[in-house]
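Worksheet: one structure, shown below.
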Amino acid sequence: AQKITQTQPGMFVQEKEAVTLDCTYDTSDQSYGLFWYKQPSSGEMIFLIYQGSYDEQNATEGRYSLNFQKARKSANLVISASQLGDSAMYFCAMREGRDDKIIFGKGTRLHILP
Amino acid sequence: SAVISQKPSRDICQRGTSLTIQCQVDSQVTMMFWYRQQPGQSLTLIATANQGSEATYESGFVIDKFPISRPNLTFSTLTVSNMSPEDSSIYLCSVREGEIGYTFGSGTRLTVV
């Protein structure tokens with residue numbers, strides 16, 4: 001079974017609109033961490049935001065925020081005021097318990113339209 | 001955060017040959033990881049490499065096909081052995097620094113012909 005599920009293979013959003021990228025996860029650990037990465041066409045992996053399972057507040061980093069709903073095992077990424085440069089692949093990832101590794105969802109390709 | 005130099009950035013190889021990918025980090029790190037990203041796909045973890053111990057491979061990946069070396073805290077290599085066209089992928093190394101600091105190399109784009 002997939003540990004990280006991203007149900008939106010692709011999304012098209014008008015520039016300046018807000019966009020929500022969905023991510024659900026599956027773990028039986030009480031302690032875990034959730035990550036979002038951006039991968040532009042250049043291929044580099046850019047860290048965007050992190051949410052720990054014990055963090056009571058949703059993480060925010062500039063235009064990025066993470067809508068963390070623990071009971072629903074959901075960690076959606078919200079990008080406010082989207083820009084053309086936001087066009088990229090976005091990956092949700094998780095680190096479970098005492099593991100050191102992180103595993104990735106299948107990703108969502110975001111297209112920002114002018 | 002750590003700066004990773006990954007070499008080569010790309011290569012085209014003949015089937016049946018092997019390619020060794022190098023990952024050099026500008027600081028000492030305990031945990032290093034190797035990922036494969038097949039065309040249009042997500043990142044799949046190949047193995048975790050700790051200095052001084054054998055690499056730990058994920059399900060579906062074996063040491064004979066993907067031998068890994070980790071001679072010190074700043075360097076690791078991944079070899080893709082006896083390559084076939086199905087091995088055409090981007091290979092990325094990654095290091096962990098602290099609780100949330102996972103940094104990735106720029107990747108090696110491998111094409112097997």
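Where a number appears in this text, it was derived from the coordinates with a stated rule and is not lab data. If you're wondering where the values come from, they're calculated on a predicted model, not measured in any experiment. Note that we place each Cβ from the backbone using ideal geometry, even for glycine, and neighbour counts take in every protein chain shown.
Per residue of peptide A:83-91, the mean number of Cβ atoms on other chains within 10 Å of the residue Cβ is 1. Pairs from the list A:Lys73/B:Lys65; A:Lys38/B:Lys65; A:Lys16/A:Lys101; A:Lys38/A:Lys101; A:Lys38/A:Lys70 with a Cα-Cα gap above 26 Å: A:Lys73/B:Lys65; A:Lys38/B:Lys65; A:Lys16/A:Lys101. Per the Debye calculation on chain A with a single equal scatterer at every Cα and no solvent contribution, log₁₀ I(q)/I(0) for q = 0.10, 0.11, 0.13 Å⁻¹ amounts to -0.27, -0.32, -0.45. Normalised by residue number, the volume inside the convex hull of the Cα atoms of chain B is 96 Å³ per residue.
Size descriptors for the protein assembly as shown (Cα atoms only): Rg and Dmax, in that order, 17.8, 53 Å. Mean partner shielding of peptide B:37-44, defined as the number of other chain Cβ atoms within 10 Å of each residue Cβ, is 5. Each label point was placed 7 Å from the Cα along the Cα-to-Cβ direction; for A:Arg72 and A:Leu84 their separation is 3.4 nm. Taking a straight Cα-Cα cut-off under 17 Å and skipping sequence neighbours fewer than 8 places away in the same chain, the aspartates and glutamates within cross-link reach of A:Lys106 are A:Asp22, A:Asp26, A:Glu44.
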